[in-house]
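Here's the structure we're looking at; comments come further down.
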Amino acid sequence: MAATSAVILAALSVVGWRWWHNHPPYGPEALAVTSSLRFVSYDEAEAALGGTAHAPVTYDRDQLVLGRVSWHAPPEPFDGGYFAIFLIDTRTNHKPEVFSVAAPQAAVGIGSAGTDNRIAERYSWLRGAGDATFGDDGYQSNGNRLHVADQKATPLTFVALFPYVEEPDPELPRATAPVAMSDLLLALVYMGEDGQVYWAQRLQG
């Protein structure tokens, strides 16, 4: 009887730990997030970045998208977690590869991670957050997103490049121009230090 009780207690402890480990410290409503997206010229992008970074260089029919995301101070510190900001072309579910960000380098990173696939698995509307697939079992990086490690990095201003490609390579999918504002999805995701997907909020699109 004692052994059975111990097993039940251990099982309940595991379930309780998993719940606590994956339970978000707070929801998106605590942040009162606001955002905007618009197309800009190179000079407008330079002005918006305020000298903290240079806008991506453009040629011919390339497009630049200026984004701003603001939030109130979270009620609790990140404690190893972070915000991930995704800009996705919903026509192809690809993300831009090139960003410029008006924030200290230590506060905001640009890249991707395997944990992004967990976001795509949990939220069907964010399937572009994960890796791109090709063939029966092929995977490859699907552009980049912003990794916000400093909760004080608000308001955050970024510029994303959508390059025009005359003949896109079907083996190397990319987010390219021409893109319309109605094609763009902007989302904020709160991730835990162990890659837990706490929640995702659609901001635009």
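The values are calculated or read from the model by the stated rules, or taken from the named source; none is laboratory data. Remember, it's a predicted structure, so these values are computed and weren't measured experimentally. Methodologically, a virtual Cβ is constructed for each residue, glycine included, from the backbone with ideal geometry; neighbour enumeration extends over all protein chains shown. Only protein heavy atoms, including side chains, enter the accessible area calculation; ligands, DNA and RNA are left aside. Shrake-Rupley method; radii C 1.70, N 1.55, O 1.52, S 1.80 Å.
With the requirement that a residue be closer than 27 Å to Ile119 by Cβ and modelled with pLDDT of 95 or more, what does the range 50-80 give you?
Pro56, Gln63, Leu64, Val65, Leu66, Gly67, Arg68, Val69, Ser70, Trp71, His72
So Ala113 passes all but one of these: (1) outside any strand (DSSP E or B); (2) buried (at least 21 other Cβ atoms within 10 Å of the Cβ); (3) of a type in the set (A, V, I, L, M). Which condition number does it fail?
Here Ala113 meets the rest and fails (2).
Check Tyr139 against each of (1) outside any strand (DSSP E or B); (2) of a type in the set (Ser, Thr, Tyr); (3) modelled with pLDDT under 95 and name the one condition it does not meet.
Looking at each condition in turn, Tyr139 falls short on (1).
Might you check whether a residue that is in contact with a strand residue (DSSP E or B) (Cβ under 9 Å, 6 or more places away or on another chain) and of a type in the set (Lys, Arg) occurs anywhere in the range 169-189?
Within the range 169-189 (the criterion being in contact with a strand residue (DSSP E or B) (Cβ under 9 Å, 6 or more places away or on another chain) and of a type in the set (Lys, Arg)), the answer is yes, since at least one residue qualifies.
Restricting to the range 53-72, give me the number of residues that are open to solvent by 10 Å² or more (accessible area, probe 1.4 Å), assigned to a strand (DSSP E or B) and within 13 Å of Phe39 (Cβ to Cβ).
1
Could you please give the count of residues in the range 179-201 that are surrounded by 14 or more Cβ atoms within 10 Å (Cβ to Cβ) and either at pLDDT below 95 or closer than 17 Å to Val148 by Cβ (or both)?
Of the residues in that region, 14 qualify.
Report, by residue number, each residue of the range 173-205 that is farther than 17 Å from Arg127 by Cα, assigned to a loop (DSSP other than H, G, I, E, B) and in contact (Cβ under 8 Å) with a residue 12 or more places away in the chain.
Matches in the range 173-205: Thr176, Pro178, Val179, Gly192, Glu193, Asp194.
Just to verify a result, which residue in the range 31-40, among those that are touching a residue at least 40 places away in the same chain (Cβ under 8 Å) and not in a loop (DSSP other than H, G, I, E, B), is farthest from Ala180 (Cα to Cα)?
That would be Ser35.
If I go through the range 155-176 residue by residue, how many of them are surrounded by fewer than 17 Cβ atoms within 10 Å (Cβ to Cβ) and either in contact with a Gly (Cβ under 9 Å, 6 or more places away or on another chain) or of a type in the set (Gly, Ala, Ser) (or both)?
Matching residues across the range 155-176 total 0.
Cβ-Cβ under 8 Å, sequence separation 6+ or interchain: first residue in the range 41-66 and closer than 18 Å to Arg145 by Cα and polar (S, T, N, Q), partner at pLDDT 95 or above and open to solvent by 50 Å² or more (accessible area, probe 1.4 Å). Which pairs?
These pairs meet every condition: Gln63/Phe39; Gln63/Tyr164; Gln63/Pro178.
When you go through (1) open to solvent by less than 20 Å² (accessible area, probe 1.4 Å); (2) within 17 Å of Ala160 (Cβ to Cβ) one by one for Glu46, which number turns out not to apply?
(1)
Looking at the range 156-171, I want the residues that are more than 23 Å from Ala55 (Cα to Cα) and have a partner that is assigned to a loop (DSSP other than H, G, I, E, B) and open to solvent by 70 Å² or more (accessible area, probe 1.4 Å) with Cβ atoms under 8 Å, at least 6 apart or on another chain. Which pairs are those?
Close Cβ pairs (under 8 Å, with a partner that is assigned to a loop (DSSP other than H, G, I, E, B) and open to solvent by 70 Å² or more (accessible area, probe 1.4 Å)) amount to Pro168/Arg174.
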